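In what follows, a single structure is set out as structure tokens and then discussed.
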Amino acid sequence: MTLLKVEHLSKSFKALNVLKDVSLEVREGERHVVIGPNGAGKTTLFNCITGTLPINQGTVTVNNTQISGLPAYTAVGVGMSRTFQKNNLFGSLTVEENLHLAINACKPYRFNFFKPINKFTDVLEETEHLLKEWNLWDRRDRVVNELSYGEQRLLEVLLALASKPKILLLDEPTSGMSPAETIQTTKLIQSMPRSITLLVIEHDMEVVFSIADRITVLHHGEVFLSGAPEEIKGDERVKEIYFGGGTLKHA
Amino acid sequence: MKNRPLWLNLVLLVVLAVMPLLLSSYGLKLGSEVLIMAIFVMSLGLIIGFAGLVSLGHAAFFGAGAYTVTLIGDHLNNTYVLLLAAILVSGILAFISGLLFIRSSGAYFLMITLAFGQMLYAIAYKMEDITGGVDGKPVLATFDLGFGAIDSRLTFYYVTAVAFAASYFLLRVFISSPLGKSVRGIKENESRMTALGYNTRNYKLVVYTLSGMMAGFAGGLYSYFNEYISPDLLNWMFSGQALIMVIVGGVGTLLGPAIGAGFFVILQNYISSYTERWPIIMGLIFVAIVLYGRGGIIHIVSLIWNLLFRRKNRDQNMQHKEGTGIDSSKSGTSV
């Protein structure tokens, strides 16, 4: 079943056409990776899918609900959440408080103003569960700005996971990470249950080929090619545009 | 570790209760004024320090509350109804204006709230038949909670003390609630809050309305206290004073603005009895605090406190700060 459907999406910033007639389908449970050279429009595509940026043409449908044209906060309501290429956290709050905010977003009592948030046991339990699963439990009292970059990068994903999304959009989850952290993060992504569909932007080809079921190549704002990893790996034209004629490293 | 706000609250209550024993009759009057101003300035401190909405028109809601009590009080002398009306009227005003203003932020929000305040000021100024215009209007309603008219300064002091304590504890609970935490999150990082699924505008509107209601409540009390009101209560000068009190006291804290209000009102009172040029001295003090006291008076107090008593367990102390929100010096310079 198709969970996310992008049809004929176009986006331009004034005269600059960043996305041209992009169509994309992500099936339930799939690990779909978007690759493409710098400036191909990958992050813009994410911003348009989630409603962070208004689109010029086309539709975005999640789980049979059309969300294009709706404000960005509605995406979470239909089961879609995202991370950012650049860490976008609550820097002066603690790790725990960051998660409280992320979990609270979908609770019916989010407008409650007469009971302290740390008296809601389900918030505390979910926080503990997520932090332990992602090895950040001993960091819970730390202010986010004091964490290492890699830890912040993990928290970035964790905040998006807190709303229990059906589909998760990861924008370069391993960018800026050390090789060891990249391996750890790749493992965490691989271990995510198939009940969460993933749409990932990634540059690191080892990571791409170790998680992808399907790859879409974006070039100059257009879908250049979409297919299984083997097809992409073997395609000469992709090598040409993406790697300047070099050979693909094997994962 | 978690007991710190608890005993701080207790100290606060004891101080409020014991103060009258130490104060002269004039001191009691001043005390009441400080407490009323403190409620008002706390309400402004809430939107500035926790929601990041810097308003230069908050006097509009204070004035709206004061005028509501005065104008309706001419026809209906029931303190409960009048104070409730003051809260409702200013709350509705805040809701409607917020609906329009919340879209803007930063300097634009400041300017549009300033314009709104001046608009109400102009209305009160021009509608002489109803508001008394520039001459103002005496307050005819008497303060009566059902036990006979309260006219002794001591009793009125206790009334304002209870009102202040109630407002303070309401805000204390608010900032730790899901809604309060979300508002704080929006100030910290609005784009992430949106990505997490928060309709941030609604949250800002709720906190703005709540803040307006509290300002209106303070305004209502003030008209009972002063027994006379004038359009000056709506003027931007008054909004500006409140803003200064917030900054002097400590942005991003609950008690800070209240302390700022006390500091400002008391100092103004004493300095102005020595010289007519008191604004110069107030100005110098203000500049000094902003330059050297970064997080305001409350920051200085907590620094001294830590130097004197907490040196040994400073590390533990650092952790306290995050939880209590009392001396979150981090957000202290964000105006």
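The values are calculated or read from the model by the stated rules, or taken from the named source; none is laboratory data. Note that the structure is predicted; figures quoted are calculated from it, not measured. Cβ atoms come from the backbone with ideal geometry, glycine included; neighbour counts cover every protein chain shown. For the accessible areas, the whole protein counts, side chains as well, though only heavy atoms, and no ligand, DNA or RNA atoms are used. Shrake-Rupley method; radii C 1.70, N 1.55, O 1.52, S 1.80 Å.
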Which value in nm describes the separation of the simple spin-label points at B:Ala149 and A:Thr121, placed 7 Å from the Cα toward the beta carbon?
5.6 nm
What is the list of residues in segment B:258-274 whose amide nitrogen lies under 16 Å from a point 7 angstrom out from the Cα of B:Leu22, following Cα to Cβ?
B:259, B:262-263, B:266-267
Which of B:Ser152, B:Ser182, B:Ser55 moves most in a GNM of chain B, Cα contacts under 10 Å?
B:Ser152
Test of the criteria: in segment A:44-106, which chymotrypsin sites (Phe, Trp or Tyr not before Pro) are in a DSSP loop and have at most 10 other Cβ atoms within 10 angstrom of their Cβ?
none
Would you list which aspartates and glutamates come within 18 Å of B:Lys204, measuring only between C-alpha atoms, while excluding same-chain residues fewer than 8 positions from it?
B:Glu188, B:Glu190
Share (percent) of C-alpha pair distances in the protein assembly as shown greater than 41 Å works out to 36 percent
Per principal axis, descending, Cα span of segment A:32-165 in whole Å
45, 34, 24
Label 7 Å along Cα→Cβ of A:Ser23; segment A:200-229 residues with amide nitrogen under 15 Å?
A:222-227
Just how large is the dipole of the protein assembly as shown about the Cα centre, in debye to the nearest 20, putting +1 at every Lys and Arg Cβ and -1 at every Asp and Glu Cβ?
660 debye
When you look at the Cβ of every residue in B:93-106, what mean number of other chain Cβ atoms sits within 10 Å?
0
Pop the C-beta distance of A:Arg194 and A:Tyr149 into the FRET formula with R0 = 30 Å and round what comes out to the nearest 0.05.
0.55
For the table A:Lys5/A:Lys164; B:Lys29/B:Lys126; A:Lys20/B:Lys181; A:Lys187/A:Lys233, the rows whose alpha-carbon distance is greater than 29 Å are B:Lys29/B:Lys126; A:Lys20/B:Lys181
About the Cα centre, and with charges only on the beta carbon of Lys, Arg (+1) and Asp, Glu (-1), how big is the dipole of segment A:1-109? Nearest 20 debye, please.
280 debye
For A:Val200, list long-range residues whose amide hydrogen, built 1.01 Å from N in the peptide plane, is under 5 Å from its own amide hydrogen.
A:His32, A:Val33, A:Val34, A:Leu170
List the residue ranges in chain B for DSSP H helices whose C-alpha atoms run 27 angstrom or more along the long axis and whose Kyte-Doolittle average is -1.0 or above.
B:25-45, B:79-101, B:106-126, B:153-176, B:200-226, B:255-274
Would you calculate the separation in nanometres between label points at B:Tyr108 and A:Gln184, each defined as 7 Å from the Cα along the Cα-to-beta-carbon direction?
4.2 nm
Built amide H within the under 5 Å cut-off of A:Glu222, gap 5+
A:Lys20
Just for the protein assembly as shown, what percent of DSSP beta bridges are antiparallel, to the closest 5?
60 percent
Which net charge results when you count Lys and Arg as +1 and Asp and Glu as -1 among the other residues whose beta-carbon is under 15 Å from that of B:Gly132?
-4
Note to self, chain A gives a 222 nm [θ] from helices alone (DSSP H runs n ≥ 4, -39500 (n - 2.57) apiece, / all residues, nearest 500) of -9500 deg cm²/dmol
Which residues' amide hydrogens lie under 5 Å from the amide hydrogen of A:Leu3, considering only partners 5 or more residues apart or on another chain, with H built in the peptide plane?
A:Val26, A:Arg27, A:Glu28
Return one number: the angle in degrees, 0 to 90 and rounded to the nearest 10, between the long axis of the Cα atoms of helix A:95-104 and the longest principal axis of the Cα atoms of chain A.
80 degrees
Dipole magnitude of chain A, debye to nearest 20 (Cβ charges: Lys/Arg +1, Asp/Glu -1, about Cα centre):
560 debye
What does the structure give for B:168-180 when I average, per residue, the other chain Cβ atoms found within 10 Å of the residue Cβ?
5
Cα-projected label distance for B:Leu100 with B:Ala165, points at 7 Å along beta-carbon direction, nm
4.1 nm
In a Debye calculation with equal point scatterers on the alpha-carbon sites of chain B and no solvent, what is log10 I(q)/I(0) at q = 0.16 Å⁻¹?
-1.49
Note to self: C-alpha centroids of segment A:148-203 and segment B:115-166 sit apart, in Å, by 57 Å
Leaving out ligands, DNA and RNA, and with a 1.4 Å probe, what % of the accessible surface on segment B:24-292 is carbon or sulfur?
67 percent
Tell me, what % of the accessible area of segment A:1-109 is carbon and sulfur with a 1.4 angstrom probe?
50 percent
Taking the Cβ of A:Asp171 as the center, what net charge do the other residues with Cβ under 12 Å away carry, scoring Lys and Arg +1 and Asp and Glu -1?
+1
Let me check I've understood the local charge: for B:Leu171, count other residues with C-beta under 15 angstrom from its C-beta, Lys and Arg +1, Asp and Glu -1. What total comes out?
+4
Give me the angle, in degrees from 0 to 90, between the Cα long axis of helix A:121-133 and the longest principal axis of the Cα atoms of chain A, rounded to the nearest 10.
50 degrees
Rounded to whole Å, give me the distance from the Cα center of segment A:77-110 to that of segment B:22-52.
35 Å
With the charge dipole of chain B built from beta-carbon charges (+1 for Lys and Arg, -1 for Asp and Glu) about the Cα centre, the Cα from B:Phe95, B:His58, B:Ser302 projecting farthest to the positive end belongs to B:Ser302
For an R0 of 30 angstrom, estimate the FRET efficiency from the Cβ-Cβ distance between B:Val290 and B:Leu8 and round to the nearest 0.05.
0.75
